Amino acid sequence: MLRDFLKTFSQRLIIFGTELKNSDRLLHVHIKYDWTNCSPKGTAAKIKEYIKANQDKNTSLKFKWHRYSRFDLFAGEVFRPGSRAHKKRAREHRSYNNHWELACNGVVIHITPVYSYSEYRKKTQKLKLAGVNFRAITPEAFSEGQKSNDYEFSGLSCYISDPVPLLWIKS
């Protein structure tokens, strides 16, 4: 099930890094998506559709949704309900305010939005996650992001190799 999900979304997501595990915490892999596409064809909408379509299947893979941020608390703008600006902000809010978490084989995967997706996409390399080819930030771009104090990289280590153990693979 995880591999099916990753194959479906591998072209829309970028691996940013990992949080190393310790005695009381599993390894965490952080994946980002482009939140600027607020349309029904955007990544957030497609992930929601995928989860809804596969929620009745008997699987151990469970998606947990969390609120990523409170757009309204720091936005500072108030729009008349029903106005074009209000509807636009609501679409952006729905696209941006998603944080999905899923766990598989001792690895927790976080899927969150990123603003500069197109810039980061240019600085990627192909690596595997659960045996699926994925875009991952290059070590040079990762160290560059950390040096510039980009909050997207805070607390992360560079993603180097596939941490998800494949227990069995259908042939």
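The values are calculated or read from the model by the stated rules, or taken from the named source; none is laboratory data. Only a predicted model underlies this, so the values are computations on that prediction, with no experimental measurement involved. Virtual Cβ from ideal backbone geometry, glycine too; neighbours counted across all protein chains shown.
Quick look at the numbers
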read-out	value
Scope the stretch 42-63; condition loosely packed, with under 15 Cβ neighbours inside 10 Å and at pLDDT 85 or above; matching residues	Glu49, Lys52, Ala53
Condition met for Asp24 (among the acidic types (Asp, Glu) and free of Cβ contacts under 8 Å to residues at least 12 places away in the same chain)	yes
Residues (closer than 15 Å to Ile51 by Cβ and more than 14 Å from the chain's Cα centre (by Cα)) located in the stretch 3-39	Asp4
Enumeration of residues in the stretch 30-41 that are of a type outside the set (Ser, Thr, Tyr), closer than 16 Å to Glu119 by Cβ and surrounded by fewer than 19 Cβ atoms within 10 Å (Cβ to Cβ)	Asn37
Leading residue by the ranking (surrounded by the most Cβ atoms within 10 Å (Cβ to Cβ)) among those in the stretch 117-129 that are more than 11 Å from Ile15 (Cβ to Cβ) and in contact (Cβ under 8 Å) with a residue 24 or more places away in the chain	Tyr117
Lone qualifier among Leu102, Leu166 - being at pLDDT below 80, closer than 25 Å to Thr8 by Cα and out of contact with any Ser or Thr (no Cβ under 8 Å at 6 or more places or on another chain)	Leu166
So Thr36, is it assigned to a loop (DSSP other than H, G, I, E, B) and among the polar types (S, T, N, Q)	yes
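Residues are listed down the side, and each one gets a yes or a no for (1) among the acidic types (Asp, Glu); (2) modelled with pLDDT of 90 or more:
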{"site": "Asp72", "(1), (2)": "yes, no"}
{"site": "Arg94", "(1), (2)": "no, no"}
{"site": "Asn98", "(1), (2)": "no, no"}
{"site": "Pro113", "(1), (2)": "no, no"}
{"site": "Ser118", "(1), (2)": "no, no"}
{"site": "Thr124", "(1), (2)": "no, yes"}
{"site": "Gly131", "(1), (2)": "no, no"}
{"site": "Thr138", "(1), (2)": "no, yes"}
{"site": "Tyr151", "(1), (2)": "no, no"}
